[in-house]
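Here's the structure, in structure tokens; my notes come after.
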Amino acid sequence: NEVEPSLLAAGIGLQAFSLLCYSLLTRAALGSEARNVSILRLFRIQLSTKALGNIMPAGSAASSALGYRLLTMSKVPGPDAGFALATAGIGSAVVLNFILWFGLIVSIPVRGVNPVYVTAAIAGVILMAAAVFIVFGLVEGQGRAERLVRVIARRLRLNEQHAAEVLEHLGVRIEGLIAERRLLARVLVWATLNWLLDMASL
């Protein structure tokens, strides 16, 4: 089989822009701490984590750990780095599920119901419900969440005070993200562009 050079170049270009959009998504989630990291550096971090995730078993965990390490090395505080990576990941997953549901709604009248797609949509609903539960727990159930984190920290022989402070910081950041509609809109826009460009490259 022959490969059309122009289509190959277009696919690589679209994938590069997709990764750039994910970098901008992470930058938006960093909020005020984004001043410590340039867009080029975030893009390089994204390329590094993507490469590691594709070659390592359980690559998602390894790439997240690498992304966290590279952000903290870029003078981003640990809680803010963790929040940005989690927000980018959850925001991206939420947008992907909405795209899947939209595709299902459009395809059902044309191709009928596909059990595989329905199963994927149900799994997406469960994952999104879990994400909402975690966010609600951090924002509304701060006291209960803190007690749970302190118990877990004691069991793991970690600094429970530091763990509680990190949890409180995450709760404040989530409240700020929900309150700042423009910031939330930027997160959703970059996540949507990331997936649309990724699909276009394929």
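Take the residues in the stretch 71-87 that are assigned to a helix (DSSP H, G or I) and farther than 26 Å from Leu196 by Cβ, then tell me which one is modelled with the lowest pLDDT.
It comes out as Pro79.
Just one of the numbered conditions (1) over 30 Å from Arg181 (Cα atoms); (2) open to solvent by less than 50 Å² (accessible area, probe 1.4 Å); (3) at pLDDT 90 or above is not true of Gly53: (3). Out of all the residues in the stretch 98-122, which are of a type outside the set (A, V, I, L, M) and open to solvent by 80 Å² or more (accessible area, probe 1.4 Å)? Passing the criteria: Phe98, Phe102, Pro109, Arg111, Pro115, Tyr117, Thr119.
Please pick out the residue among Leu20, Leu42, Leu24, Leu14 that is open to solvent by less than 70 Å² (accessible area, probe 1.4 Å) and touching an Asp or Glu at 6+ places or on another chain (Cβ under 9 Å). None of the other options fit; the residue is Leu14.
Kindly evaluate Val95 against the criterion of being crowded, with 16+ Cβ neighbours inside 10 Å and under 12 Å from the mean Cα position of the chain (by Cα).
Numbers: crowded, with 16+ Cβ neighbours inside 10 Å: yes; under 12 Å from the mean Cα position of the chain (by Cα): yes.
For Val95, the condition - crowded, with 16+ Cβ neighbours inside 10 Å and under 12 Å from the mean Cα position of the chain (by Cα) - is met.
For the stretch 88-99, the condition of being part of a helix (DSSP H, G or I) and over 30 Å from Ile122 (Cβ atoms) holds for none of the residues.
In this structure, does Arg150 turn out to be open to solvent by 60 Å² or more (accessible area, probe 1.4 Å), over 28 Å from Ala185 (Cα atoms) and modelled with pLDDT under 80? Spell out how you get there, then give the answer.
On the way: open to solvent by 60 Å² or more (accessible area, probe 1.4 Å): no; over 28 Å from Ala185 (Cα atoms): yes; modelled with pLDDT under 80: yes.
So Arg150 does not fit the description; no.
Is there a residue in the stretch 20-37 that is farther than 17 Å from Arg186 by Cα, of a type in the set (Lys, Arg), without any contact (Cβ under 8 Å) to a residue 12 or more places away in the chain and assigned to a helix (DSSP H, G or I)? No, the conditions are met nowhere in the stretch 20-37.
The values are calculated or read from the model by the stated rules, or taken from the named source; none is laboratory data. Please read these numbers as outputs of a predicted model, since none were measured by experiment. Here the Cβ is made from the backbone with ideal geometry for all residues, glycine too, and neighbour counts use every protein chain on show. When the accessible area is computed, the model is the full protein with side chains, heavy atoms only, and any ligands, DNA or RNA have been set aside. Shrake-Rupley method; radii C 1.70, N 1.55, O 1.52, S 1.80 Å.
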